[in-house]
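First comes the structure, then the notes that go with it.
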Amino acid sequence: MKFTTLLTSALMAVPILADSFPWERLNKNDSLLIIVDLQEGLYNLARDYDPTLFKHNMLAHSALGLAFPSMPVILTTSASTGPNGPLPQEILEMYPTAPVIARQGEVNAWDSPEFRAAVKATGKKQIILAGIVTDVCTAFLARSLRAEGYSVWANQEASGTVTKEIRDLANDQMMRAGVNVVSLFSIVCDLMRDWRATPGANEILPWLDTYMPVYGMLARGHRAAVENGTLIPGEANLPL
């Protein structure tokens, strides 16, 4: 009896991580992209990334709906008339007809009836999101969505907060709730699944060239090698 009690206590102390939940693949036909509080004022609180890189990451996350045009997009802001500021014009221009839920006071977007209604109206069950700050705007909404039975993919590259320590804590909290904390490239590849698909190489490579130039330059280098077709001295002796 004593051993059983000790074993039960030990098991209860083991953290539940995202890997404890069944693996689920993103389905472009059942996914919804949410842009959460990527506002001009809040941008200044994202200090766990290089600021130039983080601005690029914000735009890249927002542009996922351009790569997969069948995926609905919802934008939301928190108290945008105050210091949090508006969404960048570049993001608004990507989706001129998408709903923009301007929350007046709700910190957690899920507390907004208008926002909840917009999410439910899409009929989608897989949610891709990123926001500022990670520990509030991203984590609060991600865990609320999990509690409502949604599957959630949090783009950690486009979520920013004040310190790396706070970011790590927020990511850990989300993973314990079964949120998939992932990279931009993993989201794109899971949605695409096959370079021969549509969207596939023809659509995604130009998108990556703009929003993930490290892969865009890889493709450019391959194209140049094929079109140029010459070797400089020494290259021919390199191992394949």
Can you sort Ser186, Ser70 by 1.4 Å-probe accessible area, starting with the largest?
Ser70, Ser186
Quick P(r) readout (the chain; Cα-Cα; 5 Å bins; whole %) gives 1, 6, 13, 16, 17, 14, 10, 7, 5, 5, 3, 2, 1, 0, 0, 0
Ignoring everything but the protein chains, give the 1.4 Å probe accessible area of Ile101 in square angstrom, nearest 10.
10
From most to least accessible, 1.4 Å probe, no ligand or DNA/RNA atoms counted, Val119, Val162, Val181 line up as Val162, Val181, Val119
So, counting K/R as plus one and D/E as minus one, what does the shell of residues with Cβ under 10 Å around Met174 add up to?
+1
Counting other Cβ atoms within 10 Å of each Cβ, which GluC sites (Glu not before Pro) in the stretch 70-154 have at most 15 and sit in a DSSP loop?
Glu148
Whole-Hz Karplus ³J(HN,Hα) for the stretch 83-94, in order, using 6.51 cos²θ - 1.76 cosθ + 1.60 and θ = phi - 60°, x for Gly and Pro?
x, 5, x, x, 5, x, 4, 4, 6, 4, 6, 5
Among rounded, prolate and oblate, which fits the stretch 12-149 when a ≥ b ≥ c are the square roots of the eigenvalues of its C-alpha gyration tensor, a/c under 1.5 means rounded, and a/b larger than b/c means prolate?
rounded
Please state the shape class of the stretch 141-224: rounded when a/c is under 1.5, otherwise prolate if a/b exceeds b/c and oblate if not, all from the C-alpha gyration tensor.
oblate
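Report the full-extension gain for the segment Tyr150 to Leu240: residue separation times 0.36 nm, less the Cα-Cα distance, to one decimal in nm.
Extra length available between Tyr150 and Leu240 comes to 27.8 nm.
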Shape verdict for the stretch 59-110, please, from the Cα gyration tensor: rounded (a/c under 1.5), prolate (a/b greater than b/c) or oblate.
prolate
Thr81, Thr76, reordered so the largest accessible area comes first (probe 1.4 Å)
Thr81, Thr76
Work out the length of the dipole vector of the chain about its Cα centre, built from +1 on the beta-carbon of each Lys and Arg and -1 on the beta-carbon of each Asp and Glu, and round it to the nearest 20 debye.
560
I'd like the trypsin sites (Lys or Arg not before Pro) in the stretch 23-73 restricted to DSSP loop residues with at most 12 other Cβ atoms within 10 Å, sorted by number.
Arg25
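Total Lys pairs in the chain closer than 18 Å by alpha-carbon, pairs eight or more apart in sequence or interchain only? Before the final figure, lay out the partial values.
Details: Lys28/Lys120; Lys28/Lys124; Lys28/Lys125; Lys55/Lys164.
Close lysine pairs under the 18 Å cut-off: 4.
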Accessible-area composition of the stretch 185-240, carbon plus sulfur, in percent [1.4 Å probe]
61
Exposure of Asp135 as accessible area (Å², to 10), given a probe of 1.4 Å and all protein chains
40
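The values are calculated or read from the model by the stated rules, or taken from the named source; none is laboratory data. What you see is a predicted model; the values in this text were computed from it and never measured. So basically every Cβ, Gly included, is an ideal-geometry build from the backbone, and we count neighbours across all protein chains shown. When the accessible area is computed, the model is the full protein with side chains, heavy atoms only, and any ligands, DNA or RNA have been set aside. Shrake-Rupley method; radii C 1.70, N 1.55, O 1.52, S 1.80 Å.
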